[in-house]
Amino acid sequence: MLDSMRNLRSPAARQRARSHVVRAGAASGDRVRLTVYDLLTGTFYTPRTFFYRTTLDAGALRDSLARTLVHYPLLTGRLERDRDGGLSVRCNDAGAVFTEVDADEPMPDYGLGRSARPELRRYLHEVNPFLVVGRDAPLLTVKVTRMRGGGSVLGVAINHCVVDATSHLAFLRHWSAEHRGLDHPLPCHDRGLLDALGARVEPGARERSEQYAVTRRREKWAFIARVNAGAARMRTLTLRFPAEEVGAIKEAAAAGLAGTGRWVSTSDAFTAHLWKVLAELRARPGESRESLGLIVGVRAALGSALPEHYWGNAVTNSRPALTAAELRSAPLGAVAETVRAAVAGVTEQRVRDEIGFLDAQRAAGRSRRVLSRMSLEAFDSAVALNNVGKLPVYGVEFGGGRPFWYEFPASPVPWTVLITPTPAEDDSRDVRLSLPRDQARVLGEPGWQRRLHAHAYAYADADRPR
């Protein structure tokens, strides 16, 4: 069901914008209580922007979106506050916002050589994240910008409290399949399954967590203020690591473990390489603690305890640490082993214990004061890393071809690493580094580029005829 509306918020309203409310056409009226992992994200939106060479048919996209939303009642619902400070979604089919814009300029040549980040806001329909709960604010917004001469930009923003990166992409792929008349697995919305896992925990787990802390209100708002104040001094670099280079990094790590019977993955080795280079760039005193905040999905750890197509937030973090001197001097394979141990440490029991702790904080009315220790270390000892390199983001297509570029907003938090696939969707990786401006400038210097891509030089030397 589609209703027209006037767009008052879009920055591109001057460019012949038209907005609609897209509804599934049925409302259960159910109130779905969000999980303790959902509550950790706050009510900020997580946007994705896709760039296509072809012109998308906005009318057909609205129709297929409405059909897809039948299976996602939370996305057309509205957020409400629970008595204990938690959040629920009222599945009232109030609708998602779909905006169309005809731009006056041609499609820019976005990609590795030209970032779309400075212009992302014009491709998104924005909602104030602080004015969502208890209001008629959409949890899903879609914006289609048709460029002069052909090509389109698809901007999709979903409130983070209902999706993580995996679920965000699952929805987009479902919409893509529906648009093209293809089958797609149906999502599981039973959030009670996840929270129920916290009923069986180790002694003391409900009182303390190694990954999460209950802050004072002043401490939480001071952290948010510090992030906002420093955002203007941040710079995000996008760096390409071809498949051969990624493979060479894995081989170098494996060579250091030869004969030990121990194993690390390509992701472990690549993560270890980036962590080591950033530790050298940070140049902190040797005795300083260097931690790595790894975003880790819990679906694999939970196995059959959580349905395969569970839809919602299902991520935690792990924080391996070394001294700065150890990290800088240790062989790549040894650091990769540290990463592997941290990922393997996210077990079913650890997840159950975390859920128990977070549920206890919600029951005590403290859930809004819970922050990850990884976040609290962001301005001190932590490098935060999220590897979504295996998510098929370039598979979101609507019958006119795959996107030629995909963009994610820059992180305002310093020392943040996002690893994504490349348009080729092979084993190459694009790495988005959000760094303080001065360190970003230094990393661009030839010597540091050679250090960052040291294994590319080694691979090229090994492949050169002699």
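Values in this text are rule-based calculations from the coordinates and carry no lab data. As the structure is a prediction and not an experimental result, all values here were calculated from the model. Neighbour counts run over all protein chains shown; Cβ positions are idealised from the backbone, glycine included.
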Quiz prompt | Where the Cα pairs of region 2-195 fall when distances are cut into 5 Å bins, in % | solution = 1, 8, 16, 21, 20, 16, 10, 5, 2, 1, 0
Exercise. Would you calculate the volume per residue, in Å³, of the smallest convex hull containing every Cα atom of the chain?
Key: 167
Quiz item: Each residue of region 19-35 in turn: what ³J(HN,Hα) in whole Hz from Karplus with 6.51, -1.76, 1.60 and θ = phi - 60°, glycine and Pro shown as x?
Solution: 10, 9, 9, 9, 10, 6, x, 8, 10, 7, x, 5, 10, 9, 6, 6, 7
Practice problem: For N387, list long-range residues whose amide hydrogen, built 1.01 Å from N in the peptide plane, is under 5 Å from its own amide hydrogen. | Solution: I295, I419
Quiz prompt | Segment E202-E251, extension gain: residue separation times 0.36 nm, minus the distance between their alpha carbons | solution = 13.7 nm
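Ignoring everything except DSSP H segments at least 4 long, calculate the 222 nm mean residue ellipticity for the chain; use -39,500 (n - 2.57) per segment, divide by total residues, nearest 500. Don't skip to the end; give the middle numbers.
Details: 15 runs with 147 residues, N = 466.
Theoretical 222 nm ellipticity from helices: -9000 deg cm²/dmol.
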Self-check item: Long-range HN-HN contacts of W405 with modeled amide H, under 5 Å
Solution: F51
Exercise. Quick one: what are the phi-derived ³J(HN,Hα) couplings along region 130-138, Karplus 6.51/-1.76/1.60 with θ = phi - 60°, whole Hz, x for glycine and proline?
Key: 8, 10, 10, 5, x, 10, 8, 10, x
Quiz item: Which of the listed residues, V246, G134, S428, is farthest toward the dipole's positive end in the chain, when Lys, Arg count +1 and Asp, Glu count -1 at the beta-carbon?
Solution: G134
Quiz item: How large is the charge dipole for region 2-195, taken about the Cα centre, if only the Cβ atoms of Lys, Arg (+1) and Asp, Glu (-1) carry charge, to the nearest 20 debye?
Solution: 520
Self-check item: Point-charge dipole on Cβ atoms (K/R +1, D/E -1) for the chain, about Cα centre, debye to 20
Solution: 1360
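Taking 25 Å as the cut-off for C-alpha to C-alpha distance, list the pairs among K250/K276; K143/K220; K276/K390 that go past it. Each step should come with its number before you reach the end.
Values: K250/K276 14 Å; K143/K220 33 Å; K276/K390 22 Å.
From the list (K250/K276; K143/K220; K276/K390), the Cα-Cα distance tops 25 Å for K143/K220.
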Quiz item: Hey, how many Å between the Cα centroid of region 398-455 and the Cα centroid of region 35-74?
Solution: 24
Quiz prompt | Using θ = phi - 60° and Karplus 6.51 cos²θ - 1.76 cosθ + 1.60, couplings along region 320-335 (whole Hz; Gly, Pro as x) | solution = x, 8, 9, 6, 4, 5, 4, 5, 5, 9, 5, x, 4, x, 5, 5
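Short version: what are the Cα gyration tensor semi-axes of region 46-112, square root of 5 times each eigenvalue, largest first, in whole Å? Write out the running numbers ahead of the final one.
Working: eigenvalues 209, 54, 20 Å².
Ellipsoid half-lengths, sorted descending, are 32, 16, 10 Å.
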Practice problem: Provide the packing ranking of 182-192, 168-178, i.e. peptides ordered by the mean count of other C-beta atoms within 10 Å per residue, highest first. | Solution: 168-178, 182-192
Quiz prompt | Between region 199-216 and region 346-371, the Cα center-to-center distance that results, in Å | solution = 6
Quiz item: Between S28 and E308, what FRET efficiency follows from the Cβ-Cβ distance if R0 is 30 Å, with the result rounded to 0.05?
Solution: 0.80
